[in-house]
Amino acid sequence: MDGTLINGRLVFALGDKYGLSDMVREIMAKNVDGYEKSAEIAQLWKGINPSEVTETVKSIPIMDGAPEIIGEFKKRGYIIGIISDSYTLATDYIVEKFDMDFNVANVLEVKDGLLTGKVEMPLGWEQINCWCKISVCKRFHLERLASSMNIPLKDTIAVGDTRNDLCMIERAGIGIAFNPKDEEIMENKIVVKGKDLRNILTFV
């Protein structure tokens with residue numbers, strides 16, 4: 001979702017909104033596994049109304065070409081969804097907005113109407129020994145969803161922009177690094193530069 005369907009990153013937008021951007025960046029720069037960073041970042045949102053997360057994602061511009069590419073995939077009969085290490089409070093909104101089919105993301109705990117700072121992480125990497133060790137192993141959930149829908153992996157497409165997407169991009173039938181932020185994600189991959197999702201049609 002972040003950097004692909006939306007032109008920005010939710011945790012940075014939330015950080016800007018609440019004056020926590022420096023803390024978000026400090027946590028992201030730590031030399032620890034990704035899921036540990038996700039747990040620590042979630043603590044920053046303690047006491048926030050969950051609706052603020054949804055309102056924040058609404059404030060981030062939709063990536064150019066996103067409505068058109070989703071519409072094109074629907075015409076072709078594709079099953080379309082989001083596998084993200086963001087939050088369901090955001091992915092639920094995007095999935096509903098574009099009438100997509102599924103989403104997997106971290107679930108922020110809510111108690112008495114406010115975020116507690118705790119997060120439920122779908123993980124998955126520990127089940128398949130994936131190197132990613134992030135809060136949502138995108139390879140695991142790609143494989144799980146494809147299997148549940150009887151879709152061969154060779155018929156899947158994955159689009160992402162950072163190292164956190166790499167295990168999924170490498171596993172999908174077609175893996176696309178869209179406007180990539182990390183050098184590693186560009187090695188021996190299909191790379192699409194420029195902030196217009198319609199550019200990926202060349203490869204699908």
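Bear in mind that the values in this text are calculations on the coordinates, not laboratory data. What you are looking at is a predicted structure, and each value in this text was computed from that prediction instead of being measured. In this analysis, Cβ positions are derived from the backbone assuming ideal geometry, glycine residues included, and neighbour counts consider all displayed protein chains.
Just a few scattered comments:
- Trypsin sites (Lys or Arg not before Pro) within segment 95-204, DSSP loop, no more than 13 other Cβ atoms inside 10 Å: Lys193
- Centroid-to-centroid separation of segment 9-64 and segment 86-110 [C-alpha atoms, Å]: 15 Å
- Extension gain, Lys193 back to Ile79 (0.36 nm per residue minus Cα-Cα distance, nm): 38.6 nm
- Sites Tyr18 and Glu170, calculated FRET efficiency, Cβ-Cβ separation with R0 41 Å, nearest 0.05: 0.70
- Flagged links, alpha-carbon separation over 32 Å, of Lys37/Lys75; Lys74/Lys111; Lys17/Lys74; Lys37/Lys111; Lys37/Lys74: Lys37/Lys75; Lys74/Lys111; Lys17/Lys74; Lys37/Lys74
- Calculated SAXS-style log₁₀ I(q)/I(0) at q = 0.12 Å⁻¹ - segment 77-204, Debye, Cα scatterers: -0.48
- Segment 44-117: relative contact order in percent, alpha carbon pairs under 8 Å with at least 6 residues between: 41 percent
- You can think of it this way: the chain between Glu55 and Leu114 has 19.8 nm of extra reach, that is 0.36 nm per residue less the Cα-Cα gap.
- Cα gyration tensor, segment 90-149 - rounded (a/c under 1.5), prolate or oblate: oblate
- For segment 1-123, the spread of Cα coordinates along the three principal axes comes to 42, 31, 27 Å, biggest extent given first.
- FRET efficiency for Asn7 and Gln43, using Cβ-Cβ distance with R0 set to 22 Å, rounded to 0.05: 0.25
- Dipole in debye (nearest 20) - segment 137-176, about Cα centre, beta carbon charges: Lys, Arg +1; Asp, Glu -1: 100 debye
- Among the trypsin sites (Lys or Arg not before Pro) in segment 4-73, those placed in a DSSP loop whose Cβ has at most 16 other Cβ atoms within 10 Å are Lys30, Lys46.
- Projected label distance in nm at Phe203 and Phe102, using a 7 Å step from Cα toward the beta-carbon: 2.2 nm
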